[in-house]
1. Just to check I understand the Karplus step: with θ = phi - 60° and J = 6.51 cos²θ - 1.76 cosθ + 1.60, what whole-Hz values come out for region 123-140, glycine and proline as x?
2. By the scheme Lys and Arg +1, Asp and Glu -1, what is the net charge of all other residues having a beta-carbon under 14 Å from that of residue 105?
3. Can you tell me the FRET efficiency between residue 22 and residue 154 if r is taken as the Cβ-Cβ distance and R0 is 35 Å, rounded to the nearest 0.05?
4. What distance in nm separates the two pseudo spin-label positions at residue 138 and residue 58, each 7 Å out from Cα along the beta-carbon direction?
5. Can you work out the PRE-style zone for residue 131? Point 7 Å along Cα to Cβ, and I want the residues of region 67-84 with backbone N under 19 Å.
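What follows draws every value from the coordinates through simple rules; no lab data is involved. This is a predicted model, so every value here is computed, not measured. Here the Cβ is made from the backbone with ideal geometry for all residues, glycine too, and neighbour counts use every protein chain on show.
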Amino acid sequence: MFQSHVVQLAGKAIKWLGFRLTDNGETSTHFTKRLALAQVAFLPIQRLSMPGKGLTPYGARRMAKGIILPILLYGAEIFDPIVTMIDKMQKFWNRVLRWITNAFYATNITVVSAEACLAPIKLYMRQTREMTAVRITTAIPSNNIATAMLLGGYPVVDDYRYPTNRRQAFDNNKGGMRPKVWNSTSTTSAQVRLPIDEV
């Protein structure tokens, strides 16, 4: 039932913690998978509310923002999708907005977005990145490894920084567990963790 979340080879992309990493750093592989997963999740939710019956618009909005949006934006904290990928994600998000509001297909999407009280995907991505940056820079470096790895001159709560050997920082964690290198292929039992994103 449980499987290692470390790596799964699929073509040229390597899956690690739900991220699909490539040697050239392109993000289309990752967000194409996220879009497909969001579309699959949307199908059963859409059946809950047919036009004129089922969920209220408020309930449909909460379902979309609580289930579909996190699936679609997983990884947006660190990955920056290309423009064509954002357009594909926005096109799908427009379908979700029309489902929430039960609006006609010809209705202006700006009006539909305002009626559904949900922003465009590009704004949610920007918000996700900014909130991640705020969370890292306002944390206490002795409690947050990512904060402790910021440059020495970066203003944070205190001046504590981890030494230059950054992987050594993980030795101080409870149990002395280090995360595996992302492109490692070892799947020994000692390295098996609960998967964050199995699919």
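1. 6, 5, 5, 4, 4, 4, 5, 5, 5, 5, 5, 5, 5, 6, 6, 9, 6, 7
2. Working: positive: 91, 95, 98; negative: none.
Counting the neighbours of residue 105, the net charge comes to +3.
3. Details: r = 29 Å, r/R0 = 0.82.
Computed FRET efficiency for residue 22 and residue 154: 0.75.
4. A separation of 2.9 nm, rounded to one decimal place.
5. Only 67-81 pass the distance filter.
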